[in-house]
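Data first, discussion second: the structure below is written as C-alpha cells.
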Amino acid sequence: MEMKMMKRFLTVAVLILASTFVSCQKEEPANPPREYFTLWNQCEALSTLKAYVEDVTNPNSPNFIEAPDRIATFDMDGTFIGELYPTYFEYNLLEYRALDDPDYKGIAPADVQEAAQDIRDFVRTKKPLPDHFDMKHANAAAKAYAGMTLAEFNSYVKAYAAKQANGFEGMTYGESFYKPMLEVFNYLRANGFTFYVVSGSDRFICRALVESLGIAPNRVIGMDVRLKSNKQGDEPGVEYTMGKEEYIIRTDELIIKTLKNNKVALISQEIGKVPVLSFGNSSGDTAMHNYCLTNTLKSAAFMLVADDDEHDHVDLEETAKREKTWRENGFHIISMKHDFKTIYGYSVRKVPFTFPE
C-alpha cells in the first residue's frame, strides 16, 4: 500500500513540475506576422492600401470581398518597371531593331525606319514626337517583327533586355523593376488577390519581361498583332486548319493598341470582372481606374508619380501636372521620392545617358 502511495505521489509531483516548466517558457507566436513592405516609408498611400486590404479580406466587414472577386490590374511601364531610359522599353527596342540591328537595318520598311528615327531624335535631341505617335509606333512595330515565331520574338526581347539600361549603372533593362511595387504584388498575392498586367506595350514584350516575376502569361494583357500559321498565307483563319508540322508567327497587322478605353475593353473581354484595385501612372490608365471605381464592391485606384530626380530620370514639371490631375480625379498618389526607400535597389545608380556616335 505504501509503495502504491509513493508511486502516485511521484507521478503527481512530476506532472506539477512539468506544468510549471512549460508555464515559465516564453510564449512565441506560432506564425509571426510577415512584414511585406521593407522598401517603403510610412506614408499615406501605403496606409491606405493596407487598410483597404485588411477591410475587404475581413469576413466580418460589410465590405468583405470573396477571393474570386479580388481582382487587381497594373499598368506596366512607369508603374512597376522603368520607362525613362530614356524612353519606353518597346520604343528603345524598335529604335535598335530598325537602326542598329545588323540583321535588319537597311532592309526595314521606310515607315518603320521613320518611326525609329522619330524615337532617336526624341531621345537624343528632344525633338517632340509627332502627333498620335502611339499608333505610328504600334503599326511600325507590327511590321518590324513580322515573320518571327513567338519563341524567336521572346528570345529577341530577352536578348535586348539583358543589355545595360541606358542612364543607370548596375542594372539591365530586364532588371529595372520598381522593387517596392514588387512587394505590393507579394502582399496582394498573400491576401488572395489575383493581379493582371494591363499595358499599352506589346503583349509578348510584357510576357517576356514579367516572366522572371512568376506572372503567368494568361495574366498579361497588351497591344496585339494578328498571329497566323507559317503556311497559312492570306487565307482567313476561320477557313484554315494548321498542320502538326506548322507553327505560329507574328504578322504585320495591328489588332489593338491597349491604351485608355481599349484597356477597359480588354479587361472586360479577358478577365470578365471589374477590378477592385487599379495601379497606373499616366493618362493612358485613367479609363482603367475609372472602370475600377464603378465597381459596386469597395474599390481603390493608385497613381505613381515619378518625382525622385536623384535616383531616376524624371520630368518634374510634367510630374507636378500629373499629380494635380490625379488628386482631382480622386486617385491615391504614390510618390516615388517620399514613399519609396529605393526604386531599383540600393546598388543601382543613376548616371547620364550615353549615345554612340
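Miscellaneous remarks
- The set of residues in segment 145-184 being within 26 Å of ILE343 (Cα to Cα) and without any contact (Cβ under 8 Å) to a residue 40 or more places away in the chain consists of ALA159, ALA162, LYS163, GLN164, THR172, GLY174.
- The lone criterion from (1) loosely packed, with under 13 Cβ neighbours inside 10 Å; (2) closer than 30 Å to VAL53 by Cα; (3) without any contact (Cβ under 8 Å) to a residue 12 or more places away in the chain left unmet by ASP234 is number (2).
- The helices (runs of 4 or more DSSP H) located wholly in segment 94-179 that include 2 or more residues which are small (Gly, Ala, Ser) and closer than 18 Å to LEU254 by Cα occupy 110-125, 133-144.
- Subset of segment 265-305 [acidic (Asp, Glu) and either under 20 Å from TRP326 (Cβ atoms) or touching an Asp or Glu at 6+ places or on another chain (Cβ under 9 Å) (or both)]: ASP285
- Comparison of THR79, THR73, THR57 shows that the only residue that is of a type in the set (S, T, N, Q) and over 14 Å from the mean Cα position of the chain (by Cα) is THR57.
- Condition broken by ILE221, with the remaining ones in (1) in contact with a helix residue (DSSP H, G or I) (Cβ under 6 Å, 6 or more places away or on another chain); (2) assigned to a helix (DSSP H, G or I) satisfied: (2)
- Subset of segment 329-355 that is assigned to a strand (DSSP E or B) and under 18 Å from the mean Cα position of the chain (by Cα) - its residue that is farthest from VAL276 (Cα to Cα): PHE340
- Here LYS337 clears all of (1) surrounded by fewer than 20 Cβ atoms within 10 Å (Cβ to Cβ); (2) free of Cβ contacts under 8 Å to residues at least 60 places away in the same chain; (3) touching a Lys or Arg at 6+ places or on another chain (Cβ under 8 Å) except the condition numbered (3).
- Yes/no for ARG203 being crowded, with 16+ Cβ neighbours inside 10 Å, of a type in the set (Lys, Arg) and not assigned by TED's automatic domain parsing to the domain that holds GLU114: yes
- Filtered residue count, segment 66-97, keeping only those that are farther than 25 Å from GLU54 by Cβ and among the small types (Gly, Ala, Ser): 2
- Number of the condition not met by THR73 [criteria: (1) among the polar types (S, T, N, Q); (2) in the same structural domain as LYS298 (by TED's automatic domain parsing); (3) assigned to a helix (DSSP H, G or I)]: (3)
- Residues that are among the charged types (D, E, K, R) and surrounded by fewer than 20 Cβ atoms within 10 Å (Cβ to Cβ) number at least 2 in the following helices (runs of 4 or more DSSP H) confined to segment 255-328: 316-328.
- Residue within segment 123-140 that is closer than 30 Å to SER335 by Cα and acidic (Asp, Glu) present: yes
- Test: residue in segment 151-168 that is polar (S, T, N, Q) and closer than 30 Å to ARG34 by Cβ: no
- Criterion (of a type in the set (Gly, Ala, Ser) and under 21 Å from LEU182 (Cα atoms)) met by exactly one of ALA67, ALA115, ALA110, ALA98: ALA67
- Test: residue in segment 248-268 that is without any contact (Cβ under 8 Å) to a residue 24 or more places away in the chain and over 28 Å from TYR156 (Cα atoms): yes
The values are calculated or read from the model by the stated rules, or taken from the named source; none is laboratory data. Keep in mind it's a predicted model, so treat the numbers as computed, not measured. Neighbour counts are summed over all protein chains in view; Cβ atoms, including those assigned to glycine, are modelled from backbone coordinates with ideal geometry.
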